[in-house]
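Everything below concerns the one structure shown next.
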Amino acid sequence: MQMQVIRNAKVINEKGLLEDKHIVIADGLIQSVVSEAGALPEAGENVRIIDAEGKLVTPGFIDMHVHLREPGYEHKETIESGSRSAVKGGFTTIACMPNTRPVTDSPETVKLILDKASEANLAKVLPYAAITRNELGRELTDFEALKAAGAIGFTDDGVGVQNAQMMKDAMKKAKALGMPVIAHCEDDSLVKGACVTEGKFAQQHGLKGIPNESEAIHVGRDILLTEATGVHYHVCHVSTEQSVRLIRQAKAIGISVTAEVCPHHLVLSDEDIPGLDANWKMNPPLRTPRDVEACIEGLLDGTLDMIVTDHAPHSAEEKAKGMELAPFGIVGFETAFPLLYTKFVATGKWDLALLVKRMTSDPARVFGLATGVLEAGAAADLTMIDLEAEKEVNPEEFATKGRNTPFTGWKLKGWPVMTWVDGEMKWSEQNGF
């Protein structure tokens, strides 16, 4: 197998500072990360030299909440197109949600996803399985069989588990198997017919609002159930001040809860929505500025463990139905890092090391993944980023099938330019896929 030498890279060291390094890759692993170039292999038939020219190289990004839509919604996305979008955005490991058709509630569907991911041969794809059959909240799935098939956790993402006893039973079963429960927190009785958050935008346009407590009620309920069962409980796409507060309190007393937040809930509030454009419609919805600040604070202090995209592609025809009728969701792979880098790191509000940590080693730690680090012996899952490159977000250039983004035309810096998975370069800005 060919050896690759990445010369002249900037790497974040243990102190969170940038260091000049050279990285040697072979047999799918990082062989060495060194400061001196003297002992590095020279270019040859089996040695490829890549000059990073001072660009940043990080562990490959990990996204533990994505929608690849296959099986059943291939007009929105396929496992291959979603994986292309992921590696173009610098993501090397992605975990896909089970709200497909059929729902990922059987070993056969788990196998299908893994087979399709293997055929695509791009990002590493980790499938979640549903908590309940068809995500209807009435009957638990066969957790043992789903784990054996390769599922990494259980979630009814897209809908909240409405019945507390059902959720407690699920937590008990998952705990017995050493598996996490991942929760979409939403009380259906509070959200019917609503499409945006309860705030200024809803008032201005005469729309029914989604209240903060619709999310936080489930977070609080599930924290109590987690305390009773001891399961690893992970909260999806946290968006409210109340949820952040409850998670912080739970962690403080040792309850096994972790949580994630999306870039759009850190960057946008409901007051930024320009009009009745469904590309600004997602679930959870964009919340108030107070909620945005709470989520930022929660990410900085570790209450929220990681950043995920909740990448949710839809067709243009579906999104054209307008704010009230269009489906919830925006795409996220290809804008996630540039968006957060531009908004928070380039402005001096966050350290670069913190952003990278929340997108790499932290999700790996929470879910026990053997990746997310840049050191000798680790999987050569790597992302090279040009921190100086600035360009406008153009959905027509996306690798995903989805064009549904509120960030069209935004000028962002810090774009991924190369991505490796297990030592194979899967995408480069210069040569494509």
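Of interest is the spacing of the C-alpha centroids, which for the range 107-154 and the range 278-324 amounts to 25 Å.
When the solvent-accessible area of the chain is split by element, carbon and sulfur atoms take up 48 percent of it, the probe being 1.4 Å.
Converting phi to 3J(HN,Hα) with the Karplus coefficients 6.51, -1.76 and 1.60 and the offset θ = phi - 60°, the range 390-397 yields 10, 7, 7, 6, 10, x, 5, 9 Hz in sequence order, with x at every glycine or proline. Converting phi to 3J(HN,Hα) with the Karplus coefficients 6.51, -1.76 and 1.60 and the offset θ = phi - 60°, the range 137-151 yields x, 10, 8, 5, 6, 7, 4, 4, 5, 5, 4, 4, 6, x, 5 Hz in sequence order, with x at every glycine or proline. If you take all other residues with their beta carbon under 11 Å from the beta carbon of Pro289, and give Lys and Arg +1 and Asp and Glu -1, the sum is -3. Close amide-amide hydrogen proximity is noted between Leu387 and Leu56, each under 5 Å apart and 5 or more residues distant or on a separate chain (H modeled in the peptide plane; Pro and chain starts excluded). The amide H of Asp156, built 1.01 Å from its N in the peptide plane, has Ile131, His184 as neighbours under 5 Å, considering only residues 5 or more places off or on other chains. Span-like helix check, the chain: qualifying full DSSP H segments, with Cα axial length of 15 Å or more and mean Kyte-Doolittle of -0.5 or more, are 107-120, 164-177, 213-229, 289-301. When the C-alpha to C-alpha distance is required to be over 28 Å, the pairs from Lys321/Lys426; Lys321/Lys391; Lys55/Lys426 that qualify are Lys321/Lys426; Lys321/Lys391. In the context of the full set of protein chains, the range 312-433 has a per residue accessible area of 41 Å² (1.4 Å probe).
Labels on offer are (1) 39, 30, 18; (2) 34, 24, 21; (3) 51, 25, 22, and the one holding semi-axes √(5λ) of the Cα gyration tensor in Å computed from this structure is (2). Peptides 356-367, 78-89, 185-196 ordered by packing proxy, namely the average of other Cβ atoms within 10 Å per residue, highest first: 78-89, 356-367, 185-196. In this structure the amide hydrogen of Thr93, modeled in the peptide plane, comes within under 5 Å of the amide hydrogens of Asp63, Lys124, none closer than 5 places in sequence on its chain.
Pairs over the 23 Å Cα-Cα cut-off, from the set Lys88/Lys111; Lys10/Lys349; Lys10/Lys357; Lys147/Lys175; Lys10/Lys343; Lys192/Lys401: Lys88/Lys111; Lys192/Lys401. The aspartates and glutamates within cross-link reach of Lys76, meaning a Cα-to-Cα straight distance under 13 Å and a gap of 8 or more places when in the same chain, are Glu317, Glu318.
Excluding ligands, DNA and RNA, the accessible surface per residue across the range 142-238 is 38 Å² with a 1.4 Å probe. With K and R counted +1 and D and E -1, the other residues having a Cβ less than 10 Å from that of Glu70 yield a net charge of +1.
Taking Cβ atoms as reference points and 9 Å as the exclusive limit, the residues near Lys116 contribute a net charge of -4, counting Lys and Arg as +1 and Asp and Glu as -1.
The values are calculated or read from the model by the stated rules, or taken from the named source; none is laboratory data. Note that the structure is predicted; figures quoted are calculated from it, not measured. Here the Cβ is made from the backbone with ideal geometry for all residues, glycine too, and neighbour counts use every protein chain on show. Heads up: the accessible areas ignore ligands, DNA and RNA and are worked out on the full protein's heavy atoms, side chains in. Shrake-Rupley method; radii C 1.70, N 1.55, O 1.52, S 1.80 Å.
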